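Following: one structure in structure tokens, then a few remarks.
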Amino acid sequence: PLDVVLSKARYFLADGAFIFLFAVLFGAGFSIMMGPFGRRAEGIGTGAYYRRLLMIGFLGLLHVQLFWWGDILMLYAMAGAWLPMFLRRSDRNLLRWAAALICVPALLLMASIVLMASGADSQDWAESYDAETQVWIESLLERYRSGHFAVVAQARWDEFWYNSWTAWLTVPMALGYMLLGLWLARRDGFALKASSDRFFRHCIWVAGILALVGKGGYAYGIYGAGAVVDTIAFLFGYMLGGPALGMVYFCLLRRLYRMGQASGLRSGFEAVGRMALTNYLMQSMIASGLFYGYG
């Protein structure tokens, strides 16, 4: 029962929200490094920026090989590589590109699912796919339960490549979120100015409504019968509800800082923020030690 409760809590409170928040912060970090705002007068330059991306990608590669297949650092490195192209774009242009990069891949994926489901042999294909997937999962579990690090490492690598097709969807979406972060940074959205309060008050209401609608579709998709409508609802819910909920968290945290309350909580967030990479990798190190066969 505890597993079920925690899984449901993760579905509704975490899924899709934090990849949005991290990518928004990545876009803001890019703005700082390039110098439009913050203490840097000139910025570090694109050469140093790309060297940092290479290091992030390399750490992501090690993360997959040593700890967990579901790395996100390589995703950020791939998406972040495109950010310099948007450095001189207007604010309106940034928003247009962000909307296109977030929405178009999602719409293409949903359209492809509808087309596949409308085929004459769609039922046979779905049953065959489910059977092959179950065999694949059982094979992974057997290897993850083995007590051999090399066997588990190979299973991680296989699972990473098995899921790598999603990059055509996740890389553009992450880039879109980063552009939103760049847009917010340009407009001093990360500064705790009273002049921005009205914007964020409106934002939290709009984002809250979209989060409820999206997470409702997400729940329908998870607990449905597995039909095409359920799959579409699941994808729609994840891609709408996740970012919207992430924006709600952003607005709530901003309000917490503006009110000057919960200083202990804020100092805890700041400590984690200063060691974000360490915490990210340490989480995987601890979890892989606990849950894999050699742990």
- On a 0 to 90° scale, report how tilted helix 2-13 is relative to the longest principal axis of the chain, with both axes built from alpha carbons and the result rounded to the nearest 10. 40 degrees
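If you average the sequence gap of Cα pairs under 8 Å that are 6 or more apart and divide by the length of the stretch 1-133, what percent do you get for the contact order?
Details: 52 pairs, mean separation 17.4, N = 133.
Answer for the stretch 1-133 is 13 percent.
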- Message: Tell me the per residue accessible area of the chain using a 1.4 Å probe; a whole number in Å² is fine.
- Response: 59 Å²
- Task: Please give, to one decimal in nm, the separation of the simple spin-label points placed at THR46 and ALA14, each 7 Å out from Cα toward the Cβ.
- Result: 3.8 nm
- Note on the structure: Here the alpha-carbon Rg of the stretch 99-142 over 2.2 N^0.38 Å rounds to 1.59
- Could you please state how large a percent of the accessible area of the stretch 20-153 is carbon and sulfur, counting protein chains only and using a 1.4 Å probe? 66 percent
- Query: Taking the Cα atoms only, what angle lies between the long axis of helix 167-186 and the longest principal axis of the chain, rounded to 10 degrees?
  - Reply: 10 degrees
- the chain - mean residue ellipticity at 222 nm from DSSP helices (-39,500 (n - 2.57) per run, n ≥ 4, rounded to 500): -27000 deg cm²/dmol
- Determine, at each q value in 0.12 (inverse angstroms), the log₁₀ of I(q)/I(0) that the Debye formula gives when each Cα of the chain is one equal point scatterer. -0.95
- Summing Lys, Arg as +1 and Asp, Glu as -1, what charge do residues with Cβ under 14 Å from the Cβ of TYR292 carry, TYR292 excluded? +1
- Mean projected area, convex hull of alpha-carbon positions in the stretch 167-213, reported to one decimal in nm², is 4.1 nm²
- Item | Added length on full extension, which subtracts the Cα-Cα distance from 0.36 nm per residue, GLN261 to LEU95 | 56.5 nm
- Message: Suppose we look only past 23 Å in the calculated P(r) of the stretch 109-197. What percent of the Cα-Cα pairs does that tail hold?
- Response: 57 percent
- Calculated FRET efficiency for the pair ASN163/ALA271, C-beta based, R₀ 41 Å, to 0.05: 0.80
- Message: Under 10 °C and 1.306 mPa s, how fast does the stretch 153-295 diffuse according to Stokes-Einstein, given a Kirkwood radius computed over C-alpha pairs? Answer in µm²/s, whole number.
- Response: 86 µm²/s
- Roll a 1.4 Å probe over the protein heavy atoms and report the accessible area of ILE102 in Å², nearest 10. 30 Å²
- Note on the structure: Toy charge model, Lys and Arg Cβ at +1, Asp and Glu Cβ at -1: the stretch 93-158 dipole around Cα centroid in debye, rounded to 20, equals 540 debye
- Over the stretch 51-190, what per residue volume does the convex hull of the Cα atoms give, in whole Å³? 128 Å³
- Message: Please give me the summed charge of the neighbours of ARG156: other residues whose Cβ is under 12 Å from its Cβ, Lys and Arg +1, Asp and Glu -1.
- Response: -2
- Message: To test your reading of the geometry: what angle, between 0 and 90 degrees and rounded to tens, separates the Cα axis of helix 91-117 from the longest principal axis of the chain?
- Response: 10 degrees
- Message: Just to make sure I understand: if all protein chains stay in place, what is the order of SER196, SER90 by accessible area at 1.4 Å, largest first?
- Response: SER90, SER196
- So if we plug the beta-carbon distance of ALA131 and LEU59 into 1/(1 + (r/R0)^6) with R0 = 41 Å, what FRET efficiency do we get, rounded to 0.05? 0.65
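The values are calculated or read from the model by the stated rules, or taken from the named source; none is laboratory data. All values reported here derive from a predicted model rather than from experimental measurement. Counting neighbours? That spans all protein chains shown, and the Cβs are built from the backbone with ideal geometry, glycine included. The protein model used for the area step is the full one, side chains on, heavy atoms only, and it has no ligands, DNA or RNA in it. Shrake-Rupley method; radii C 1.70, N 1.55, O 1.52, S 1.80 Å.
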